[in-house]
Amino acid sequence: MLSGGIQTDEQVARKGGFSDVFKGTWNGRDVAIKSLHKLNKAGGTTKTVSKAFWREVVTWRRLSHPNILPFFGVLKHNEGANNEARLAMVAPWMSRGHLIQYLRQFPSANRVQLLVDIGEGLRYLHSMSILHGDLKSRNTLVDDMGRACLGDFGLSDVQGYDSPYGSGTEPLRGGSLRWMAPELLEDDQQYRSVSSDVYAFGMVMFEAFSGLPPFTELRDEVAIISLIKSGNTPTRPPDTTPQLSDEIWSIIESCWSYVPRNRPSVTYLLHVLSNALNASSIVDSGEQRRVPSTPGVTQSWTDIDRVYMVGELDDSISCCCLNLSKDRE
């Protein structure tokens, strides 16, 4: 447990089904406090959600990398009019928000560099035999130096020692539909894998260049599931930054291969992105539109925010917990 005084803002920065994120201060620095809700009438959290909380802690505390959001520790604090005790995870406050929020503020930012950051974080997780399980722009935060970091490990899983394609140890539970690989939608006995993380990374790359969530024109979950299971993928944005080259779009599409084993490795994706980053063809034109469009869809930031709202894409801890049966410390 963390020691030292913590002050928490009353206003929720990010609402979720089983937890809220508040801004606070701890030992003189701004922090994000992910506070677990009180869920049952007896005054405590349900056993399932409490288990999910501690498994996220177990996963997160093992990680140390420039492109992974640092974990400061666990806090027990009082909250609400009744001064109820709550458990919370504490991390640095990322004032520039998640990837899409950052690109709204800085539309001329180097998207390829941000994607290299995300890829390095994902490669590190896989090197630690950890699957992220819920990779999306909303779970990639940007620090004051403009560096992207992966966060939200509530659906992370460990890779089984003998599992094919680096799959997890437990069947799929929860997740963010628009970023889910088609094989994960077949039935409830599917397993996350390195390949499904790569598929989601492709969707994050699409978000970075388009400014839009995948399948933004659809709101109906059944329609989205049908589209993904049929092998449909987002179309190339017609109104993009110059940074989206043919080569980069090609690797994005390769991430969405219907056959998991045909998807590229994160190392290969980083090779292509790093080469593009170093190429003289990548320049900052400063002419990017703040709200790129997709065919037949009129977008505004309000429309896009509805898709990114917690109500549809809840935070990871609300989705349920995975059984991390092997702690490989």
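The values are calculated or read from the model by the stated rules, or taken from the named source; none is laboratory data. What you see is a predicted model, and the numbers here were worked out from it, not measured in a lab. We place every Cβ from the backbone using ideal geometry, glycine too, and count neighbours over all the protein chains shown.
Some observations on this one:
- Remark: SER156 matches the filter, which requires a residue to be hydroxyl-bearing (Ser, Thr, Tyr), surrounded by 22 or more Cβ atoms within 10 Å (Cβ to Cβ), modelled with pLDDT of 65 or more and over 22 Å from SER257 (Cβ atoms).
- Residue match in segment 123-145 (condition: in contact with a Cys (Cβ under 6 Å, 6 or more places away or on another chain), outside any helix (DSSP H, G or I), closer than 23 Å to SER35 by Cβ and in the same structural domain as LEU277 (by TED's automatic domain parsing)): yes
Conditions tested, residue by residue: (1) in the same structural domain as LEU184 (by TED's automatic domain parsing); (2) under 21 Å from LEU212 (Cα atoms); (3) aliphatic (A, V, I, L, M).
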{"position": "LYS229", "(1), (2), (3)": "yes, yes, no"}
{"position": "THR233", "(1), (2), (3)": "yes, yes, no"}
{"position": "ARG236", "(1), (2), (3)": "yes, yes, no"}
{"position": "ILE248", "(1), (2), (3)": "yes, yes, yes"}
{"position": "ILE251", "(1), (2), (3)": "yes, yes, yes"}
{"position": "VAL259", "(1), (2), (3)": "yes, no, yes"}
{"position": "ARG263", "(1), (2), (3)": "yes, no, no"}
{"position": "THR267", "(1), (2), (3)": "yes, no, no"}
{"position": "HIS271", "(1), (2), (3)": "yes, no, no"}
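- Verdict on LEU313 being assigned by TED's automatic domain parsing to the domain that holds HIS126 and at pLDDT 50 or above: no
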